[in-house]
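Note sheet for the following structure.
The values are calculated or read from the model by the stated rules, or taken from the named source; none is laboratory data. In this text the structure is predicted, and so the values were computed from the model without any measurement. Backbone-built Cβ (ideal geometry, glycine too); neighbour counts: all protein chains shown.
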Amino acid sequence: RQTYYQRLRDTGYRIGCVGKLDLAKPLGNNGDGARPACFSWGFTHPLECEGKMHAGQGNGKPFGPYTRYLQQKGLLEDFSVDYTKRRQNGYALSAWDSVLPSEDFEDVYIGRQSAAWINQVSDHYPWHLFVSFVGPHDPFDPPKKYAEQHRNAEMPEAIVDDLKEKPQHIHHRQTDASSEQIAVCRRQYCAAIELIDYQIGKILTALKNRGVMDNTYVIFSSDHGEMLGDHSLFTKGVAYDPSIRVPLIVSGPGIGCGRISTAMIELIDINATICDLAGLEKQEGIDASLLRSENEIHREEVFSCLRHFRCVRTPQRKMIENVNDIIELYNMEIDPQELDNLAQQQKGTLQEMDHRI
């Protein structure tokens, strides 16, 4: 089965990417700019960048476009030393400001390169650009310019959970971070999001200056969320909403402004939607385009899985099956914080949810 990049390429699209792809890491050369695998996936104009941790683990040696940029600016050694300290301290709680000037921070670099790609791409072909920022992923290290704006901001308190009805892999990841440490991480996270927001503004400005906003669809989402101290957890890789429920914003011709949908979707639906917008035929098994009438039900349930769990979610309930461990069942309407595991009390609901999987 082809990737949607390949399908668009084969119908005449220029396919660009700027930023962290995070694909096929075992192949090597991950993030080196234009590795051969990028072309095999369907990209015609790749600028694959290193992830933050990846870039900081090079011991001061450049191996991709961003670290080469830092070396040219005389900043790579300081960046590498800083990331060595963060790695030794534990990335998640290493929430101090970046040692880099704002204009040299990686997400600013990615935003600048993305706008440049839009400015330079030929008018003679349709095109698709995939932009992947490295933030607001941990370590939470926004530049000082952005961090200062959130330094004393009030933050919502983390979800407190005794973890009595949680599986062992959750217990093993529990952190003893203080409420103040969590608040600092959240402030830095907000600062990183604000920085990315400005970069998206640069990309939209490039589209406007090119005169193509009226003929361009812009889709914003993320591959995962961040626990940020909820349930005494940080980072991702769990089935709770802060980790797996992500934003999705779509704008473009025919899409009304300010509309909010409560439809349940999976990220794979973006694949079908983009192909639908391009006029391509549906692929077997990948047909859940978001281009449906308001009266249609998009999905009755959505799924998420990783090596140690599989999860099914309906508008009302979520069930998490953990490998060789307890099952979790939550009523998301009355318990959105996922604290009260109902698996033992509601066997019938558990069986019905299991049938969905």
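Residue under question is residue 84, and the condition is that it be under 23 Å from residue 2 (Cβ atoms) and either touching a strand residue (DSSP E or B) at 6+ places or on another chain (Cβ under 7 Å) or among the β-branched types (Val, Ile, Thr) (or both); does it hold?
On the way: under 23 Å from residue 2 (Cβ atoms): no; either touching a strand residue (DSSP E or B) at 6+ places or on another chain (Cβ under 7 Å) or among the β-branched types (Val, Ile, Thr) (or both): yes.
Here the answer is no, as residue 84 does not meet what is asked.
Find the residue count for segment 127-149, including only residues that are buried (at least 19 other Cβ atoms within 10 Å of the Cβ) and without any contact (Cβ under 8 Å) to a residue 60 or more places away in the chain.
Residues meeting the conditions: 5.
Within segment 168-184, is there a residue that is part of a loop (DSSP other than H, G, I, E, B), within 17 Å of residue 132 (Cβ to Cβ) and out of contact with any Cys (no Cβ under 8 Å at 6 or more places or on another chain)? So that I can check it myself, show each step before the final result.
Residues of segment 168-184 that are part of a loop (DSSP other than H, G, I, E, B), as a first pass: 173-178.
In the following step, the residues that additionally are within 17 Å of residue 132 (Cβ to Cβ) were identified as none.
No, segment 168-184 has no match at all.
Only one residue in 239, 263 is modelled with pLDDT under 95 and of a type in the set (Gly, Ala, Ser). Which one?
The match here is 263.
Out of (1) at pLDDT below 95; (2) under 30 Å from residue 327 (Cβ atoms), what's the single condition that is false for residue 123?
So the condition that residue 123 fails would be (2).
Does segment 312-328 include one or more residues that are closer than 18 Å to residue 248 by Cβ and among the charged types (D, E, K, R)?
Within segment 312-328, one or more residues are closer than 18 Å to residue 248 by Cβ and among the charged types (D, E, K, R).
Within segment 327-338, which residues are loosely packed, with under 15 Cβ neighbours inside 10 Å and among the aliphatic types (A, V, I, L, M)?
Result: 334, single match.
Have a look at 268, 297, 244 and point out the one that is at pLDDT below 95 and under 17 Å from the mean Cα position of the chain (by Cα).
268
Can you spot a residue in segment 300-321 that is of a type in the set (Ser, Thr, Tyr), more than 19 Å from residue 216 (Cβ to Cβ) and exposed (fewer than 15 other Cβ atoms within 10 Å of the Cβ)? Write out each step before concluding.
Taking segment 300-321 first, the residues of a type in the set (Ser, Thr, Tyr) are 304, 314.
Checking which are more than 19 Å from residue 216 (Cβ to Cβ) leaves us with 304, 314.
Filter once more, keeping what is exposed (fewer than 15 other Cβ atoms within 10 Å of the Cβ): none.
No - not one qualifying residue is present in segment 300-321.
Please find, among 260, 255, 196, 203, the residue that is crowded, with 19+ Cβ neighbours inside 10 Å and more than 15 Å from the chain's Cα centre (by Cα).
Criteria check complete, one pass: 203.
Would you pick out the residues in segment 218-233 that are buried (at least 21 other Cβ atoms within 10 Å of the Cβ), of a type outside the set (Ser, Thr, Tyr) and more than 12 Å from the chain's Cα centre (by Cα)?
Result: 227, 228, 229, 230, 231, 233.
Pairs only if they're at least six apart or on different chains, beta carbon under 7 angstrom, first in segment 306-331 and more than 16 Å from residue 346 (Cβ to Cβ), second of a type in the set (Gly, Ala, Ser) and crowded, with 16+ Cβ neighbours inside 10 Å; list them, first residue then second.
Going by the 7 Å Cβ cut-off, the qualifying pairs are 309/239; 311/239; 311/304.
Could you please let me know if residue 71 is in the same structural domain as residue 150 (by TED's automatic domain parsing) and over 24 Å from the mean Cα position of the chain (by Cα)?
yes
Of a type in the set (A, V, I, L, M, F, W, C) and in contact (Cβ under 8 Å) with a residue 40 or more places away in the chain, is that true of residue 183?
So residue 183 does not fit the description; no.
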